[in-house]
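Before any comments, here is the structure.
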Amino acid sequence: MPEINEQAEAQTSGGGTTTAATGGKKHIIVDPITRIEGHLRIEAVIDENNKIVDAWSSSTMFRGIETILKGRDPRDCGLMAMRICGVCTGTHYQRSIEAVEDAFGITIPKNARIVRNLIQGSLYLHDHLVHFYHLHALDFVDVVAATKADPAKTAEEAAKWAHVAGVEPYIGSAGDFKMIQDRIVKFVKEGRLGIFGNGYWGNPHYKLTPEQNLIGVAHYLKALDIQREMSKMHAIFGGKSPHPQSIVVGGVTCVQDIKNPARIALFKELLTLSRDFVKRAYLPDIYMAGTMYADEATDGSATFHASDHKGAMGKAVGGTGGGILSYMSYGDFRLDDTGFYNSELLFPSGLVLDGDISKVHEVDPNKITEDVTHSWYKGSGAPEHPYDGTTIPEYTGLEKKEDGYAYLKTDEKYSWIKSPLYDGKKVEVGPLARMVVGYVKGDKRIKKYVDNFLTRANLPITVLFSTVGRTAARAIETELMSDVMLEWVDELAANAASGDLSTWTEFDFDTVAADTKGMGLAEAPRGSLGHWVKIKDGKVTNYQAVVPSTWNAGPRGPNGEVGAYEAAVIGTVVADPQQPLEIIRTVHSFDPCIACAVHVVDTKGKELATYKVDPTCAF
Amino acid sequence: MGMDKQESVKKLFTAQSAKVDTNRGDAYYEALYAKCQERLDALKKLTPLNNRRDFMTTIEDEGLERRDFLKWASATTAMLMLPASFTPLVAEAATLMNRVPVIWIELSDCAGNSEALLRSDGPKIDEIILDIISLEFHETLQAASGHQAEKQMEEAMEHFKGKYLLFVEGAVPLGMDGQFGTIGAKGETFVDHLHRAAEGAAAVVAVGSCATYGGIPAAAPNPTDAVGVMDVVKGKPIINIPACPANPSNMVGVILHFVLTGSIPELDSLLRPKFAFGYRIHDNCERRAHFDAGEYVEEWGDEGAKNNFCLYKMGCKGPMTFNNCSIIRYNEGVNWPIGVGRGCIGCSEPDFWDKYAYERPMANANIKAPTGGVEKTVDQFGLGLLTAAGIGIGIHAAASAIAGKKEHEKEEA
Ligand code: SF4
Ligand code: SF4
């Protein structure tokens, strides 16, 4: 159960909105949010009808990696920047290298471009699959309820959803389901549930039937195997996973793996096997969950209403977990060799604002700023562009109350995450944003996959603007990726066979690194990721990263603009205030990576030690 | 560099692998064998501490043959630097792993080690890691959040007091009274969280370079005053499994060793298990012949790169680094950083971000000093580290045992 403060308390939210101090309201703290990367806390206020009326997202960890990058050789930053996150491992690495390549004016050879796409593509497959099954599924799938399933009916159910997807089920026989069920039964009977312990089993907002739960559990276990195969793909050209090592400024180092047809064949074999699971287990499961939760996903009364929140941009469309309904994609996956910002892209760039799916706006990097009104940093007064970010940490702590719990000071500063804005607006990033932007932009490939999904599921496009929609978009993207990667492996094989083995573009470091700056704007599995670097005399003079979870998990903006997590949680009705199931389900649908989000500080070394510490919090 | 220094560097880089014999004699192994057997018998008598099913059934469900399992057991025996006669004991210990409760906490981390654990291949046993060891608390994987998660951990600490292994991932930020990281509804600082969790642990395993030596958060200028677990936890057995992230085989190895003997494995001066960190990358490197022949990659993607030449000139720190990557590699042996043509960045050594992680050889690199301040060249930074880590801890015997086993496997296949 979450911590609940039963007394009616005058909690003031950020940005001028207030929660009335009337009786019946409860203040919930969920900390730690588990099954994510990093350290995240959500606080929420629920009214007498168990509806969430306000929410705050806070990160409780700070490491200061950008500070560490300053003064180093720009060629060494990638490996260090990668350690921002071990889950979307390799993404920060590549973005950092691309920022430096942009600064140096380097275009990498064809082999390097394809190999990088394959490394990133493997990561997308791995990351999305692990996210759905191992970090998110337990918000939909009741492990204990699976023990009551009828194995024969489970097999029928599995076939039904596979057929919706137009495939045969990955696990199809009653006998197989029986075996898995026996295993679970034994597991549950014997008491200690290990990582499944103390879950919210039995909560009425678990909506799957026992048979559907058993399918979910069976795939959860199988996916543990498949993700290992996917990580092998990552390692073939990356050297190891997590934290690959083969990308360098100018190209890649794995020339002998490109040269060797056996390596490419192994990659293709693993990809084929992974793709099979995506199509025959992952997608059918999404059709199943999407259908079972469709009522919530289209329930307009449970969505975030703009009028309740000053300065916010949401409109009352979409369903539970919809949130701010503004989406951004920087675009990614270069499809030709015309240069980083010239190439045609697999995922197009653009913005769709305020739930208006009739038009796309182009992304202008100059309009990206970060604000610290509600973040534990001392800002310069106005939101700042990443190239010149001058942030000085100022930790004001939590407020320890008589009940023994520590609360966020939500009308002041309350998170280590900054609040990024695009042209003064909050936007959501991630697979849903990429699919929405691509769709609205009329991208043929994306449209084909999204339409195929909606037609088969027999659901309207508005279903996407919800918690479930966010989860579905990630699956659609995974399927698309698993198909397009097959084309890329063949492209690589053909290119290598033609005799082109070049993997690195030469440059004269002293010349190009004299005085320059660059940015690597592209997409990580969780959304738009930008690294900005300034270089002088061969050393980094300033480094900033604005990462996907900063966009999504950031606190209120300067005028009370509500963050994406916060908005998505608001409006949801919780079945049992003691069990924050609905809150974590929605937060998980974003796939939080919080160590990422708290990357960022631009200070001068040990000055950090002089931060003001609120004495009431010095416990 | 002075002439002496140059000579000693040359020596270190060119030394053939040291042939210190790990064989400690029959009497020692007989006593150890008896001790292990006693320990396993005692463990068998315990009622299971958790719910788990029979290990062999799990293995068979996964489509693994008993023969595969025994193969794995014999490879693991060699990895643990034990004589082949211990193989049945290792196999038995694996079946008893479910008696070891593990609490895994995350501090200033990137979850890379948790991700590595997910990719564990043991004998293709990622399920077994989740199913078989009793993983009582693991933020990245567990179902419960918030108070339920905290309660789960408290119960486990109480129930398994004095028996659980505490795995710690991530550095401990000490700056600003520890408030750079907090966890739980009460806003407990990471350092307090660590102390509380370590209190009832049988032993503390620091996994990954952040937990062992501070890692990336502790890289200069160390903005949060981050340190490793061994700088904070006192009076408990501590095992360091560095690397960025740690190799999951080494995590499993430590657990197995604990099950087998009831004690922690033999450690080097940096508290690393010798079975894993008694190897120098350079001594077991597949490109070593090219090093000895003076054939180097001079530029990324050049002819040398296409022919797998030595990566020393591109910054490979294999000569300074102790780890078993060159033997067990990563992701089921699919590849490793030297295999992929990049070279080793010394990620299992203290302060490697400041000392080793760049694409130039040490001798002509100007690198950022670990303590800030002016830049120095290699010879001013401790080559002492090499000696401290103890070159030539019996690698030869174990390495050849494994090589022998590989041959054997080939014949069988
Ligand atoms: S590649 Fe590195 S470890 Fe291998 S021989 Fe060369 S210097 Fe030594
Ligand atoms: S080879 Fe070196 S850099 Fe690579 S994982 Fe091993 S110790 Fe770390």
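The values are calculated or read from the model by the stated rules, or taken from the named source; none is laboratory data. Values in this document were obtained by computation on a predicted structure and should not be read as measured data. Every residue, glycine as well, gets a Cβ built from its backbone with ideal geometry; the counts of neighbours run over all protein chains shown. For the accessible areas, the whole protein counts, side chains as well, though only heavy atoms, and no ligand, DNA or RNA atoms are used. Shrake-Rupley method; radii C 1.70, N 1.55, O 1.52, S 1.80 Å.
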- Task: Between residue A:394 and residue A:458, with labels modelled 7 Å along Cα→Cβ, what's the label distance in nm to one decimal, could you check?
- Result: 5.8
- Task: With θ set to phi - 60°, apply the Karplus curve 6.51 cos²θ - 1.76 cosθ + 1.60 along the range A:119-126 and write out the HN-Hα couplings as whole Hz, x wherever there is a Gly or Pro.
- Result: 5, 5, x, 4, 5, 4, 4, 4
- Message: Take residue A:49 and residue B:34, extend 7 Å from each Cα along the Cα→Cβ direction, and tell me the distance between the two endpoints in nm.
- Response: 7.6
- Message: Please list 3J(HN,Hα) in residue order for the range A:333-344, calculated via the Karplus relation 6.51 cos²θ - 1.76 cosθ + 1.60 where θ = phi - 60°; whole Hz, with x for glycine and proline.
- Response: 6, 5, 9, 8, 10, 8, x, 4, 9, 10, 4, 6
- Subtracting the Cα-Cα distance from 0.36 nm times the residue separation, let me have the gained length for residue A:272 to residue A:498 in nm, one decimal. 79.0 nm
- Which ³J(HN,Hα) values in Hz, rounded to whole numbers, follow from the phi angles of the range B:160-174 under the Karplus curve 6.51 cos²θ - 1.76 cosθ + 1.60, where θ = phi - 60° and Gly and Pro get x? 10, 3, x, 10, 7, 8, 9, 9, 10, 10, x, 7, 10, x, 9
- Note on the structure: Put B:249, B:114 in order of accessible area, largest first, probe 1.4 Å, and you get B:249, B:114
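Tell me the total accessible area that B and A bury against each other, 1.4 angstrom probe, in square angstrom rounded to 100. Show your work: numbers first, answer last.
Details: alone 18550 and 21720 Å², together 31190 Å².
Buried area between the two chains comes out at roughly 9100 Å².
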- Query: Shielding of B:342-351 by partners, i.e. mean partner chain Cβ atoms within 10 Å per residue?
  - Reply: 2
- Task: Compute the label zone of residue A:262 within the range B:305-345: residues whose backbone N is under 14 Å from the point 7 Å along Cα-to-Cβ.
- Result: B:334-335
- Query: At residue A:356 and residue B:203, where each label point lies 7 Å from the Cα along Cα→Cβ, what is the point-to-point distance in nanometres?
  - Reply: 6.4
- Query: With all pairs of different alpha carbon atoms counted, what Kirkwood hydrodynamic radius in Å does the range B:282-364 show?
  - Reply: 12.7
- For residue A:207 and residue B:177, FRET efficiency with R0 = 56 Å and r from the beta-carbon atoms, rounded to 0.05? 0.80
- Note on the structure: Once amide hydrogens are built 1.01 Å from N within the peptide plane, the residues lying 5 or more places from residue B:239 or on another chain with amide H under 5 Å from its amide H are B:204, B:205, B:206
- So the FRET efficiency between residue A:366 and residue B:163, C-beta based with R0 = 41 Å and rounded to 0.05, is 0.10
- Once the whole set of protein chains is in place, how much accessible area is left on residue A:80, using a 1.4 Å probe, in Å² to the nearest 10? 0
- Message: So, taking all protein chains as they sit and a 1.4 Å probe, how much accessible area belongs to residue B:344, in Å² rounded to tens?
- Response: 20
- Message: Just to verify a number: what accessible area does residue B:139 come out at with the full protein assembly present, 1.4 Å probe, Å² rounded to tens?
- Response: 10
- Task: Would you please give the residues with an amide H less than 5 Å from that of residue B:186, counting only those at least 5 places away or on a separate chain, with H modeled from the backbone geometry?
- Result: A:406
- Message: Give me, ordered by chain and number, the residues 5 or more places off residue B:227 or on other chains with an amide H under 5 Å from its own placed amide H.
- Response: B:172, B:174
